Amino acid sequence: MLVRPMRPGAARWPLATLRSLAALGLAVALFAAPVAAAKAPPARKKSATAAPVKTGLENLEKQVEEFTLPNGLEFIVVERHNAPVFSFQTVVNAGSSDEQVGTTGIAHMMEHMAFKGTTVVGTSDWKAEKPALDAEETAWQAVLDERRKGIHTDSTRLAQAEAAFAEAQTAANRYVVSNQYSKILEQAGAQDMNAYTADDVTAYFFSLPSNRLELWALMEGGRLTHPVFREFYKERDVVTEERRMRTESSPIGRLIEQFTAAAFIAHPYGYPVVGWPSDLKAFSATDAANFFHKYYIPSNMVVAVVGDVKTAEAMPVIEKYFGRLPKAPQP
């Protein structure tokens, strides 16, 4: 899922804003039911001495616990024991405005790649898959090199390069266990699994039963620590179709894209979040890896956990699976 704020601000969002975004979205969702009930009490005669309705929101600030791991990754935990579930949101301080001409849409591709698994999840044999992925990348680079010759492109060599790339894709796909990352979590009770990309942020979220906290930490920490961008070019074609549906086949989508591009002539807010068609045809898994290693670093992310969790019990689990993310300089 991709979104574009109706009126983006002129400045980049500080981490304080990301903290608010992560915590507020989850807290409001979990408080929605009791608040709605409080706003619609049974009809009765008003009394001057009636006690105010308690919603629990009065003590929200006191319930917020914040801590930062040694690697710089900040966590927000809010205990809400109304039901045996918890929700989380990982907010990355990076979006389409962090892209460069030639690789627009790469931030949105990261959102798709986050569900492709790791060196453990999503593969039948990582040791064999790794060289196959490297060969796929080499084959794609050969296609690009020939295309970029412009009028000097040799059509025969280009056809040969494209055929070799197709073969490399087929070879790499032999080791893929499709959708294993999502299936593991869904079998454990995960709900509302999704993500979104905007101009300045990319966020990931879902909910799980409270007895699955360690599974969540293992899976979320894993895709941040050692992700694998398998099926990259297949997924890039999916994004291209998404663009056709949301933009090229939608009068409103076309209007918003062209209006925004005209409004922000010399500013990256003019880039479409889904990317320009020419860039979707050209960027590579290597470009995606470079973007990931630059922006998906501990000090550039905030994680919020809200629900039936105890902070004292959650901290050791969080430190175990998220503390292994390596430090890196701020982008």
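The values are calculated or read from the model by the stated rules, or taken from the named source; none is laboratory data. As the structure is a computational prediction, the values presented were derived from the model and not from experiment. So basically every Cβ, Gly included, is an ideal-geometry build from the backbone, and we count neighbours across all protein chains shown. We work out accessible area using only protein heavy atoms, side chains counted, and drop any ligands, DNA or RNA first. Shrake-Rupley method; radii C 1.70, N 1.55, O 1.52, S 1.80 Å.
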Provide Rg and Dmax in Å for the range 255-308, with only Cα atoms included in the calculation.
15.9, 47
With all protein chains present, the range 224-312 has a carbon and sulfur share of its accessible area (1.4 Å probe) in percent of 60
Quick one: work out Rg over Rh on the C-alpha atoms of the range 128-172, Rh as Kirkwood radius.
1.05
Quick calc, V238 & K310: beta-carbon distance into FRET formula, R0 35 Å, rounding 0.05, result 0.30
Longer than 29 Å from Cα to Cα, which of K130/K327; K234/K310; K127/K234 are they? Say none if no pair is.
K234/K310
With label points built 7 Å along Cα→Cβ from the Cα atoms of T119 and N71, find their separation and express it in nm.
1.3
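Per residue, how much accessible area does the range 217-301 have with a 1.4 Å probe, in Å²?
Computed with neighbouring chains in place, this is 45 Å² per residue.
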Projected onto the charge dipole of the range 92-138 (+1 at Lys/Arg Cβ, -1 at Asp/Glu Cβ, origin at the Cα centre), which of G102, S124, V92 gives the Cα projection farthest towards the positive end?
S124
Per residue convex hull volume, Cα atoms of the range 122-278, in Å³:
166
Environment charge at G307 (Cβ cut-off 12 Å; Lys +1, Arg +1, Asp -1, Glu -1):
+1
Per-residue counts of other Cβ atoms within 10 Å, averaged by peptide: what ranking do you get for 206-213, 103-110, highest first?
103-110, 206-213
What share of Cα pairs, in percent, lie more than 16 angstrom apart in the range 233-331?
72
Give me the dipole magnitude in Debye, nearest 20, for the range 68-192 about the Cα centre, with unit charges on the beta carbon: positive for Lys and Arg, negative for Asp and Glu.
140
Cβ-derived FRET efficiency at R0 22 Å, K130 paired with N173, nearest 0.05
0.95
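Mind checking Rg over Rh on the range 159-239, alpha carbons, Kirkwood formula for Rh?
Numbers: Rg = 16.2 Å, Rh = 15.2 Å.
Value, to two decimals: 1.07.
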Quick calc: nm separation of the 7 Å Cα→Cβ label points for E61 and N211 -> 3.8
Which aspartates and glutamates have a Cα less than 16 Å from the Cα of K116, not counting those fewer than 8 places away in the same chain?
D125, E129, E186, E220, E231, E235, D237
Per residue, what volume in Å³ does the convex hull of the Cα atoms of the range 111-185 enclose?
88
